[in-house]
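Since the structure comes first, as structure tokens, the remarks are kept for the end.
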């Protein structure tokens, strides 16, 4: 009996060990997928590539598409390597991957997939249809259906092409309304643009509010601008912040800039951020800098992953 019990105990222990190993093997690709997509969204393409390759090889279509996008961006064109990843993602019905491939069969499949989802009221699928046909009426439908990205892109189209309206006042008010709707729904790029349009660009409290909201989303440029404001980099010779009306808070400001510097390497403003960090440090004590880094770590834990919040497919700015 004791021998039998011992064998059972050994078998149960072996089962638990195998289960733990299987769980670790299963979790590793998922961890790589998550890490890769976060780095991709942040624009840290060199770092992202290793993780995306693991996820893409494991069959994750989002990783396959992101890896193809990284390859395309770095090469400046769609290389054979990028095409291979686009094909694998497209085989799993990734509409934008099919669109990047651009051949007749891929575009046909992309349209069929997007139309099927759009018929169900999917606003993101409506945006996919717009990216396929470039018909502004399709874009309007996507925006009306609630796609925040579509609302932003439509505002860009209206801003760039005055001929779309017969009345200039109506054009500007329509742009404002689109941006306001997208911004109030949490779309960071719309917040940024709206805060730089008249009359918001002359209203410090409004600009400050939008910047703080962008920072809360962990938009990397919003976080950096917030930190710069708190460190006094927008102040004039009289010590007045003429951009946002911030009062100095060196601990919080240093912490936010430090977080951007530590989190990024490929950000276009990385060198500027690093220089500003060094300049701010000259005004701070060792204890203040330590407190700032603690604040930054707490911020990172309590906010979503830092991101550039780029457009999904379109190249409009």
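Every number here is computed from the coordinates shown, using simple stated rules; none is lab data. No experiment lies behind these values; they were computed from the predicted model shown. With ideal geometry, Cβ positions are generated from the backbone for all residues, glycine too; neighbour counts draw on all protein chains shown.
Looking only at the stretch 266-278, count how many residues are in a helix (DSSP H, G or I) and touching a residue at least 12 places away in the same chain (Cβ under 8 Å). Spell out the reasoning first.
Initial filter on the stretch 266-278 (in a helix (DSSP H, G or I)): 270-278.
Narrowing further to those that are touching a residue at least 12 places away in the same chain (Cβ under 8 Å): 273-274, 276-277.
Count: 4.
Please specify each residue of the stretch 222-266 satisfying the condition of being closer than 20 Å to residue 193 by Cβ and buried (at least 21 other Cβ atoms within 10 Å of the Cβ).
Matches in the stretch 222-266: 222, 223, 224, 225, 226, 228, 229, 244.
List the helices (runs of 4 or more DSSP H) that sit entirely inside the stretch 153-265 and contain at least 1 residues that are touching a helix residue (DSSP H, G or I) at 6+ places or on another chain (Cβ under 6 Å) and in contact (Cβ under 8 Å) with a residue 40 or more places away in the chain.
Passing ranges, in order: 188-195, 204-216, 220-230, 250-263.
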